[in-house]
Amino acid sequence: MPPDEYHSGVNNSVYTNVLVQNSLRFAAALAKDLGLPIPNQWLEVADRIKVPFDSEQNFHPEFDGYVRGEEVKQADVVLLGYPVPFPLRPDIRRKNLEIYEAVTSPQGPAMTWSMFAVGWMELKEPSRAQVLLSRSFINVTEPFKVWTENADGSGTVNFLTGMGGFLQTVLFGCTGFRITEAGMTFDPLCPDLVSRVSVSGISYLGNKFNFTFSKDSVTLEVTAHAEPWAPLLEAELWPSLARLPLTPGHKVSFPHSAGRIQKSSP
């Protein structure tokens, strides 16, 4: 069953099929790293798995036979891109968000709107991201700020999945952090009502570092080599490709920019 609980027993769920593709390709990559033989069938099957796409309307139907405009319960297709790694052109990512935002049930679970917010942050739409981020707060219940599964207070109480969705909006939406083979990419964005974001104590490749940004600048500080094998790091800025050494104990600031934290080049 795919994430959308209003539609079970469907054929060729786009979410499920992409996960299967990713699993097969990850297994092949891991085998390569370990020096083990890679069965040809793994990648052949991955390449042949159907990923539903409507080329006329430029979006991904949730499954075979999905009719545009049909209500869905929660985030499903919009999970492609984040948290599910899947390459999408910006226009397709946008169309997926627009189509499914319009038909997602207001009675859906708490983690849904945070994933829409992440998508709009990827597309550099801070106003739309803010609207969706604010919508997720409807599930917070007073007086102890406990999250419930549904906006009307019903469903699971102390709903960890909903809390996790909100945290991911900040940790991976606002910062743009993505773990890739080459390093940890960043592409920071402040939603409309946020002027500054600071994330401290991030662990990456045996290093600890802090990441702070505003609408104008970014500051990185490696605070410690937490492991003896930890490599020295650098920040590669985009599109200039400038490389800034991240020396432990020193802050490095630069104008607001995307880039990648990676092992220092020799």
>> Can you give me the long-range amide H partners of H256? Hydrogens built in the peptide plane at 1.01 Å from N, cutoff under 5 Å, separation of 5 or more residues or another chain.
In response: S217, V218
> For the stretch 123-190, what size does the Cα cloud have along each of its three principal axes, sorted from largest down, in whole Å?
Replying inline: 42, 26, 17
> Which far-off residues, 5 or more places away or on another chain, put their amide H under 5 Å from the one on S264, with H placed in the peptide plane?
Replying inline: L232, L233, E234
>> What translational diffusion coefficient, to the nearest whole µm²/s, does the stretch 54-174 have by Stokes-Einstein, given a Kirkwood radius computed over alpha-carbon pairs, a temperature of 10 °C and 1.306 mPa s viscosity?
In response: 109
> When the Kirkwood radius is taken over all Cα pairs of the stretch 130-244, what Stokes-Einstein diffusion coefficient follows at 37 °C and 0.692 mPa s, in µm²/s?
Replying inline: 201
> Out of G176, G119, H225, whose Cα points farthest toward the positive end of the dipole of the chain (charges: +1 Lys, Arg; -1 Asp, Glu; placed on Cβ)?
Replying inline: H225
> Convex hull over the alpha-carbon atoms of the stretch 178-263: what's its volume per residue in Å³?
Replying inline: 87
> So, counting K/R as plus one and D/E as minus one, what does the shell of residues with Cβ under 15 Å around D192 add up to?
Replying inline: +4
>> Below 13 angstrom from the Cβ of F166, what's the summed charge of the other residues (Lys, Arg +1; Asp, Glu -1)?
In response: +2
> Across the chain, how many lysine pairs separated by 8 or more positions, or lying on different chains, have Cα atoms within less than 21 Å?
Replying inline: 9
> the chain: Rg/Rh from Cα coordinates, Kirkwood Rh?
Replying inline: 0.99
>> List the residues, sorted by chain then number, that are 5 or more residues from T104 or on another chain and whose placed amide H is less than 5 Å from its amide H.
In response: V72
> How large is ³J(HN,Hα) for each residue in the stretch 31-46, as worked out from phi by the Karplus curve 6.51 cos²θ - 1.76 cosθ + 1.60 (θ = phi - 60°), to whole Hz, x for Gly and Pro?
Replying inline: 4, 4, 4, 8, x, 9, x, 9, x, 4, 4, 4, 6, 5, 5, 4
>> Show me, for the stretch 18-24, the HN-Hα J-couplings you get by feeding each phi into the Karplus relation (A = 6.51, B = -1.76, C = 1.60, θ = phi - 60°), rounded to Hz, glycine and proline as x.
In response: 5, 4, 5, 4, 4, 5, 5
> Once you put a point 7 Å from the Cα of K32 and another 7 Å from the Cα of K73, both along the Cβ direction, what distance in nm separates them?
Replying inline: 3.8
> Using θ = phi - 60° and the Karplus form 6.51 cos²θ - 1.76 cosθ + 1.60, what ³J(HN,Hα) does each residue of the stretch 112-121 get, whole Hz, x for Gly and Pro?
Replying inline: 5, 5, 5, 6, 5, 4, 4, x, 5, 5
>> Tell me which GluC sites (Glu not before Pro) from the stretch 1-65 have a DSSP coil assignment and no more than 11 other beta carbons within 10 Å of their own.
In response: E56
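FYI, it's all coordinate maths here, none of it is from the lab. Bear in mind the structure is a predicted one, so any value in this text is a computation, not a measurement. For neighbour counting, all protein chains shown are included, and Cβ atoms are generated from backbone atoms with ideal geometry for every residue, glycine included.
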